[in-house]
Amino acid sequence: MQQSNTYTLIFTAVVTIILGFMLSMASESLRERKELNVAIDQKKNILRSLDFVETEEEPWTIDRIQSLFDEYIVSFVIDRSGNKVDGINVNELNPKIHTDLYPIYYRVGNGNVIDGYSIPISGKGLWSTLFGYFALEADGATVKGITFYKHKETPGLGGEVEKDWFTRNFIGKRIIDDSGNLVSIHILKGEVDESSPEAYRQVDGISGATMTTKGLNEFLLSDLQKYEPFFIRIRTGSDS
């Protein structure tokens, strides 16, 4: 009986160790896969914010997204004064450590001409933190695009921030007034009155999503303020 109990204990221990090892390997494999998916999703949204469009002829597979990103997107880091920082890659940035350093992505057009800048944006909505990218044309003032790749807002209400009908409203709007002051983009509760002198910076709101859009208004302005020293240089032609 004692031998039987010893055998059972040894067998159980061996099976537990083997299963634990297998679970550990599976967890590591899934973690790497999850990190890859997150990175690819971010790259896809950077591309979308900079006016790359997926087509039926060329669907955005992982390889396609990576290829487009490698060919057309360049990134660098700036400090709070808008100066480019050498020696650090955007992938090395840790928001908890590098609190005064910010990543910028730009699209390279024909002849290596810059064809727009994209910056990460994030902030509180109603139920969650929203993460996305906001892009400006090469003039550093006109909106080129906006996307969201992560949030937990209510589907059909605040969740509409990721839909094309909403994000398209931003394209062509301007983040500065006639005096060159940063005013950001303001999401209304209703529709934009195109005759209003403020229409150049306003977009139609989302019905029933007041708190989500209020949060978006606030964190978009806050994030643009971080990058304003850099974009002032772009607008005045003094960027080195």
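Counting trypsin sites (Lys or Arg not before Pro) as exposed when in a DSSP loop with at most 16 other beta carbons within 10 Å, what is the longest stretch of the chain free of them? For trypsin sites (Lys or Arg not before Pro) (loop position, at most 16 other Cβ atoms within 10 Å), the longest site-free span of the chain is 1-79.
Close amide H contacts of residue 123 (hydrogens built in the peptide plane, cut-off under 5 Å, sequence separation of 5 or more or a different chain): 130. Quick check: the angle from helix 62-72's long axis to the longest principal axis of the chain, C-alpha only, nearest 10 degrees? That helix lies at roughly 40 degrees to the long axis. Computed across the stretch 142-240, the Kirkwood hydrodynamic radius from all distinct Cα-Cα pairs reaches 14.4 Å.
Remark on residue 173: its backbone amide H falls under 5 Å from those of 143, a criterion applied only to residues 5 or more positions apart or on other chains, H modelled at 1.01 Å from N. Computed over all pairs of different Cα atoms, the Kirkwood value for the hydrodynamic radius of the stretch 1-130 is 18.9 Å.
Which lysines have a Cα less than 26 Å from the Cα of residue 144, not counting those fewer than 8 places away in the same chain? Straight-line reach from residue 144, under 26 Å: 43, 44, 84, 124, 152, 163, 173, 189, 214, 226.
So if R0 is 51 Å, what FRET efficiency would residue 232 and residue 23 give, r being the distance between their Cβ atoms, rounded to the nearest 0.05?
Details: r = 53 Å, r/R0 = 1.04.
The formula returns an efficiency of 0.45 here.
Can you give the Kirkwood hydrodynamic radius for the stretch 194-240, in Å, rounded to one decimal and based on Cα pairs? Taking every pair of different Cα atoms in the stretch 194-240, averaging 1/r and inverting gives 13.0 Å. For the stretch 49-117, the spread of Cα coordinates along the three principal axes comes to 42, 27, 19 Å, biggest extent given first. At a probe radius of 1.4 angstrom, the accessible area of the stretch 84-135 per residue rounds to 57 square angstrom. Close amide H partners of residue 78, meaning residues 5 or more places away or on another chain with modelled amide H under 5 Å apart, are 85, 102, 104. Coupling constants for the stretch 134-142 follow from the phi torsions by the Karplus curve (6.51 cos²θ - 1.76 cosθ + 1.60, θ = phi - 60°), and in residue order they are 10, 10, 10, 5, 4, 6, x, 9, 9 Hz; glycine and proline get x. Treating only the Cα positions of the chain as identical point scatterers, give the base-10 log of I(q)/I(0) from the Debye formula at each q in 0.14, 0.17 Å⁻¹. Taking Cα atoms of the chain as identical point scatterers yields -0.97, -1.37. Rounded to the nearest Hz, the phi-derived 3J(HN,Hα) couplings of the stretch 117-128 under the Karplus curve 6.51 cos²θ - 1.76 cosθ + 1.60 (θ = phi - 60°) are 10, 10, 10, x, 10, 6, x, 6, x, 8, 10, 8, where x marks glycine and proline. The charge dipole of the stretch 90-175, taken about its Cα centre with unit charges on the Cβ of Lys, Arg, Asp and Glu (plus for the first two, minus for the last two), comes to roughly 180 debye. When you filter the GluC sites (Glu not before Pro) in the stretch 152-240 for DSSP loop state and at most 14 other Cβ atoms inside 10 Å of their Cβ, you are left with 191, 194, 198. With Rh defined as the Kirkwood radius, the inverse of the mean 1/r over Cα pairs, the Rg/Rh of the stretch 124-182 is 1.05.
Of the residues 94, 62, 135, the one whose Cα sits farthest toward the positive end of the charge dipole of the chain, with +1 on the Cβ of Lys and Arg and -1 on the Cβ of Asp and Glu, is 94. Helix 2-49 and the long axis of the chain differ in direction by around 10°, with both axes built from C-alpha atoms. Angle, helix 210-236 long axis vs. longest principal axis of the chain, Cα atoms, 0 to 90°, nearest 10? The angle comes out at about 70 degrees. Couplings for the stretch 152-162, taken from phi via the Karplus curve 6.51 cos²θ - 1.76 cosθ + 1.60 with θ = phi - 60°, read 10, 6, 5, x, x, 10, x, x, 5, 4, 8 Hz in order; Gly and Pro are left as x.
The values are calculated or read from the model by the stated rules, or taken from the named source; none is laboratory data. In this text, all values refer to a predicted model and were calculated from it rather than measured experimentally. We place every Cβ from the backbone using ideal geometry, glycine too, and count neighbours over all the protein chains shown. These accessible areas exclude ligands, DNA and RNA; they are computed on the full protein's heavy atoms, side chains included. Shrake-Rupley method; radii C 1.70, N 1.55, O 1.52, S 1.80 Å.
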